[in-house]
Amino acid sequence: MPIVATTASVEETRLLGEAVATLAGTGDVVVLAGDLGAGKTAFVQGFGRGLGVQERITSPTFTLVHVYDGRLAVHHLDVYRLEHLSEASDLGLAEMLDDGGVVLIEWGDAIARLLPRDHLDVRLTFGADDDDRVIELVPVGPHWARRTDALLAALQPWAGGG
Ligand SMILES: Nc1ncnc2c1ncn2[C@@H]1O[C@H](COP(=O)(O)OP(=O)(O)O)[C@@H](O)[C@H]1O
Ligand SMILES: [Mg+2]
């Protein structure tokens, strides 16, 4: 059962990401789906801010992965340009998770097969107005399911369908 949130500006999407980060712990995986410009990177910027990342978070489209220092290490991946699943196997996902940090993957549904069962699915779509976004969050696996109520509470300011 997805949690549905709506935002009306890029800053609101960052604040929502920041709210989700208050629940983040070691080994967490967040998978971001949505078309170009939907706000996946904006969500990660807020999430990183929530974990105390000082550095400016930018899209890792060409390098595939950026790592930022925060309360937890933030691994930010964008696998949009991956052409073969075999390349994804080489990303070192397991090592990143062993590292004790969190992993956020843009376009992660493209490599769904390689993802750990426990993850938070975040799907962003365009809303009625230019700056509106509808953000659906689905906890997958026991690790995130346990935090569904906390997630609902944290996302209260943006609750409700578009
Ligand atoms: N509600 C909103 N949430 C997120 N981004 C928004 C919103 N409204 C407008 N935008 C704009 O949409 C773009 C989102 O870009 P980005 O986060 O890089 O998307 P993606 O990573 O999904 O391609 C930015 O230019 C941002 O200013
Ligand atoms: Mg992006």
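Points worth noting:
- Residue count for region 153-162 under the criterion of being touching a strand residue (DSSP E or B) at 6+ places or on another chain (Cβ under 9 Å) and either part of a loop (DSSP other than H, G, I, E, B) or surrounded by 13 or more Cβ atoms within 10 Å (Cβ to Cβ) (or both): the result is 5.
- Residues being charged (D, E, K, R), assigned to a helix (DSSP H, G or I) and either more than 16 Å from ligand 1 (Cβ to nearest atom) or out of contact with any strand residue (DSSP E or B) (no Cβ under 9 Å at 6 or more places or on another chain) (or both) - total across region 96-149: 3
- In region 74-105, of all residues being among the acidic types (Asp, Glu) and more than 12 Å from Asp28 (Cα to Cα), the one that is modelled with the highest pLDDT corresponds to Asp78.
- For region 1-29, a residue qualifies if it is crowded, with 21+ Cβ neighbours inside 10 Å, away from ligand 2 (no atom under 13 Å from the Cβ) and within 15 Å of Ile105 (Cβ to Cβ), and the qualifying residues are Val20, Ala24, Asp28, Val29.
- On inspection, Arg133 qualifies as closer than 18 Å to Phe43 by Cβ and in contact with a Ser or Thr (Cβ under 9 Å, 6 or more places away or on another chain).
- Where strands (runs of 3 or more DSSP E) sit wholly within region 1-73, those with at least 3 residues that are at pLDDT 95 or above and under 22 Å from Ala112 (Cα atoms) occupy 29-33.
- Those residues of region 146-162 which are in contact with an Asp or Glu (Cβ under 9 Å, 6 or more places away or on another chain) and at pLDDT 95 or above, in sequence order: Pro157, Trp158
- The set of residues in region 45-77 that are touching a Lys or Arg at 6+ places or on another chain (Cβ under 9 Å) and within 14 Å of ligand 2 (Cβ to nearest atom) comprises Gln45, Gly46, Phe47, Ile57, Ser59, Thr61, Phe62, Leu64.
- When the residues of region 77-105 are filtered to those that are in contact with a Ser or Thr (Cβ under 9 Å, 6 or more places away or on another chain) and small (Gly, Ala, Ser), the one that is surrounded by the fewest Cβ atoms within 10 Å (Cβ to Cβ) is Gly100.
- Just one of (1) in contact with a strand residue (DSSP E or B) (Cβ under 9 Å, 6 or more places away or on another chain); (2) within 26 Å of Leu155 (Cβ to Cβ) fails for Leu64. It is (2).
- Residue, surrounded by the fewest Cβ atoms within 10 Å (Cβ to Cβ), within region 106-144, restricted to residues that are modelled with pLDDT under 95 and aliphatic (A, V, I, L, M): Ala128
The values are calculated or read from the model by the stated rules, or taken from the named source; none is laboratory data. Just so it is clear, the model here is predicted, and its values are computed rather than measured. With ideal geometry, Cβ positions are generated from the backbone for all residues, glycine too; neighbour counts draw on all protein chains shown.
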